[in-house]
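Rule-based calculations on the coordinates, nothing more; no lab input. Predicted model only: the values in this text are computed from it and were never measured. Here Cβ is always computed from backbone atoms with ideal geometry, including for glycine, and neighbour counts include all displayed protein chains.
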Amino acid sequence: MLCRYKKAFEKIAMGLLSFMPDQKDLKLLQETIRQYETDPNWQLFLWKQEDDFIGLVGVEIADDEWIVRHISVDPSHRGEGLGKEMVKQLSKMDMDCVIAACDQTAPFIQKCKAMLEEADKEI
Ligand SMILES: CC(C)(COP(=O)(O)OP(=O)(O)OC[C@H]1O[C@@H](n2cnc3c(N)ncnc32)[C@H](O)[C@@H]1OP(=O)(O)O)[C@@H](O)C(=O)NCCC(=O)NCCS
């Protein structure tokens, strides 16, 4: 289940965010979290499974595009389809929006979009 970020989740969010290749520096991590906390166009979600937060996805909302800026899954849960599921759930939050990627997230988002388009064809 995707849960909207709140301040109480700050530490777990920073831990998940630190799996992104460009988020290895503590100062940068703090700046990124501040951006999600203060800019209404930047929205951060955590994936909760049972009592644990094991995934994170952050988007920048620009007109009808939801640009995925950050996406990560706890290493012990990778390869279970969670990354793709988070993108699928995001795309359902606003049916008028288009899921887009930044340079950093493009390889995985392309893969997810291809999968979602394939699933649509099957319906
Ligand atoms: C990318 C990430 C979120 C994927 O999460 P996940 O839950 O393991 O992904 P899923 O199980 O839904 O999907 C696995 C598929 O994605 C592919 N994949 C994993 N990482 C990928 C990447 N960086 N780029 C492109 N494809 C990737 C796998 O090869 C696998 O492909 P398959 O379905 O053809 O076998 C996770 O590997 C992660 O947290 N990586 C570190 C953070 C990061 O680099 N984020 C930016 C990614 S571009």
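Computed quantities for the displayed model
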{"item": "When the convex hull of its Cα atoms is projected in every direction, mean area for the chain (nm²)", "result": "7.8 nm²"}
{"item": "Residues T32, T38, sorted so that the one with the fewest Cβ neighbours within 10 Å comes first", "result": "T38, T32"}
{"item": "Paired Rg and Dmax values of the range 79-123, which use every Cα atom, in angstrom", "result": "10.5, 31"}
{"item": "The range 6-33 residues near the modelled Q104 label - backbone nitrogen below 11 Å, point 7 Å along Cα→Cβ", "result": "17-25, 28-33"}
{"item": "With Cα atoms, 0 to 90° folded angle of helix 82-93 axis to the chain main axis", "result": "80 degrees"}
{"item": "Value of relative contact order over the range 24-123, rounded to a whole percent, pairs C-alpha under 8 Å and six or more apart", "result": "19 percent"}
{"item": "Helix 106-122 axis, angle to the chain major axis (alpha carbon atoms, nearest 10°)", "result": "30 degrees"}
{"item": "The chain: angle of helix 26-38 to the longest principal axis, Cα-based, in degrees nearest 10", "result": "60 degrees"}
{"item": "Subset of K7/K88; K6/K48; K88/K111; K11/K113 violating a 22 Å alpha-carbon distance limit", "result": "K7/K88; K11/K113"}
{"item": "Set of aspartates and glutamates with alpha-carbon distance to K84 below 19 Å, sequence-local pairs under 8 removed", "result": "E50, D52, E60, E65, D74, D94, D103, E117, E118, D120, E122"}
